[in-house]
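FYI, it's all coordinate maths here, none of it is from the lab. None of the values given here were measured: they were computed from a predicted structure. Neighbour counts run over all protein chains shown; Cβ positions are idealised from the backbone, glycine included.
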């Protein structure tokens, strides 16, 4: 089922987060928002981490490059990376077309939910984007 | 939008790649009003500028445009400029110097004391009274020439004329900074919007679009053109930067001439080269260039993904001893320290892109 951007959480740094219960664990699927992709335009390169890496909310986990600039990607959550969408760097055109389903980047098994309260609702994120744009 | 040298500049309108491709395939419009425009009137203008520039200005015919460098006594580049000799419809003549936005205040400060030696010359900063628009691309000339009173499609490369568009004065110069054919226009500031919209209107059916600073940078990089602050600075001389062609060293004297003659005879310590980094990851300005034993041999001055070549390209300053002076190509294997990742790169002759004849 397609992800609905309205139901996701967002970091101020433009990553989206989809939290799901998997057994006893909570798993965050993470990507970057359509707004961020539109602002970057012309994506040419993406660098992603290895499975097993432990990240804290706010840590840089990779980077995405457009023609003009390099933009760091930040983890919006605390936990361990359990999956990486390793085809994505070769398929950046598809990321642009479908940032919320095809364009998922990481899955992180949460070690803490403390940071989640820092994330924005879709409405608050849209407001932030409106002010930036 | 981004602030640049006191102007609010568009980095992109619809996207750098789309704008870049429009310029290569049809034409693109650039608002380059931030470029400094300094006008020199009066007897002795040519002599003053000749003393300040690496190119001959004395004897420059009316309608001619020259690219040259303004250097300090050590041969370091204060700015790279275009100088034109123009004649108004009423018959008065003057010289126009187009300088980089970021250097405008410095260049005015540099020239001002020399004006004392040329009491009949006046310098006026026309930057804020005028606007400058570049229209660049293979279809730029044929589509826009009819908007002007003069037959500007007959202008040769590096020639300029003062003419009219809808009864208002405009300087049309067959120059540019993209590697494409086209014009650079200078109009009164209060005419700028009308001229811009007219150009977009006549170009619309041919796919013309507005292009920002981002595309301007990737276009000039593909064309192997230096950008001040990257390939040129007060620490880099024009010979090292590969601009020997823009230095007339014989039979004249100008500020920096002795240093440039010495560097030209002895050979520069560093030279500018073109690099094709392997893989997809772009290399950026400031990355170190490494030799066969991982020793630093230079640095990247500009780097970006090339929309035309569909791969990363870069320019670098490297030790001259590694480079064949005839071909401009490094004779050893080079790697680029791209934020810790050592990325192999192939040295190639500049430019990366030649417009088809």
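Take B:342, A:122 and order them by how many other Cβ atoms sit within 10 Å, fewest up front.
By the 10 Å Cβ count, ascending, the order reads B:342, A:122.
Between region B:321-343 and region B:77-109, what's the alpha-carbon centroid distance in Å?
When both Cα centres are located, 36 Å separates them.
For residue A:80 and residue B:264, FRET efficiency with R0 = 60 Å and r from the beta-carbon atoms, rounded to 0.05?
The formula returns an efficiency of 0.45 here.
If I take R0 = 60 Å and measure r between the Cβ atoms of residue A:56 and residue B:346 in this structure, what FRET efficiency does the formula 1/(1 + (r/R0)^6) give, to the nearest 0.05?
Calculated value: 0.90.
What does a probe at residue B:122 reach in region B:14-47, counting residues whose amide N is under 20 Å from the point 7 Å along Cα→Cβ?
Counting backbone N atoms under 20 Å from the label point, the list is B:37-47.
Which distance in Å, rounded to a whole number, links the C-alpha centroids of region B:257-317 and region A:53-96?
29
Summarise the partner chain shielding of B:300-310 as one whole number: the mean count of Cβ atoms from other chains within 10 Å of each residue's Cβ.
Neighbouring Cβ atoms belonging to other protein chains average 2 per residue here.
7 Å from Cα along Cα→Cβ at both residue B:153 and residue B:310: what's the point-to-point distance in nm?
About 3.3 nm separates the two model spin labels.
Indicate the gyration tensor shape class of region A:80-133 (rounded, prolate or oblate), computed on the Cα atoms with a ≥ b ≥ c the square roots of the eigenvalues: a/c under 1.5 is rounded; otherwise a/b larger than b/c is prolate and the rest oblate.
oblate
Once the Cβ-Cβ distance between residue A:22 and residue B:197 is put in as r, and R0 is 56 Å, what FRET efficiency do you end up with, to the nearest 0.05?
Calculated value: 0.50.
Please state the relative contact order of region B:1-126 as a whole percent: Cα pairs under 8 Å, 6+ residues apart?
Relative contact order for region B:1-126 comes out at 28 percent.
List the residues of region B:249-280 whose backbone N lies under 20 Å from a point placed 7 Å from the Cα of residue B:73 along the Cα-to-Cβ direction.
Taking a point 7 Å out along Cα→Cβ of residue B:73, the residues of region B:249-280 whose backbone N falls under 20 Å are B:252-264.
Is the C-alpha gyration tensor of region B:292-357 telling us rounded, prolate or oblate? Criteria: a/c under 1.5 is rounded; beyond that, a/b larger than b/c is prolate, otherwise oblate.
Cα axes put region B:292-357 in the oblate bin.
For a test of the definition: using alpha carbon positions, the gyration tensor, and the 1.5 limit on a/c, classify chain B as rounded, prolate or oblate.
Oblate shape, in that a/c is at least 1.5 and b/c is the bigger or equal ratio.
At 20 °C and a viscosity of 1.002 mPa s, what translational diffusion coefficient does Stokes-Einstein give for region A:1-121, taking Rh as the Kirkwood radius over Cα pairs? Give it in µm²/s as a whole number.
The calculation lands on 150 µm²/s.
Which whole number gives the average, over all residues in B:276-285, of C-beta atoms from other chains lying within 10 Å of the residue C-beta?
3
Compute and list, largest first, the equivalent-ellipsoid semi-axes of the protein assembly as shown from the alpha carbon gyration tensor, each √(5λ) rounded to a whole angstrom.
Computed over the protein assembly as shown, the values are 47, 28, 19 Å.
When a footprinting reagent is the concern and you count Cβ atoms within 10 Å, what order do B:151, B:20 take, fewest first?
B:151, B:20
Label residue B:87 and residue A:94 with points 7 Å out from Cα along Cα→Cβ: what is the distance between them in nm?
Simple spin-label model gives 6.5 nm for this pair.
Would you mind computing, in nm to one decimal, how far apart the modelled labels at residue B:190 and residue B:253 are, each placed 7 Å from Cα along Cα→Cβ?
Reported label-point gap for residue B:190 and residue B:253 is 4.7 nm.
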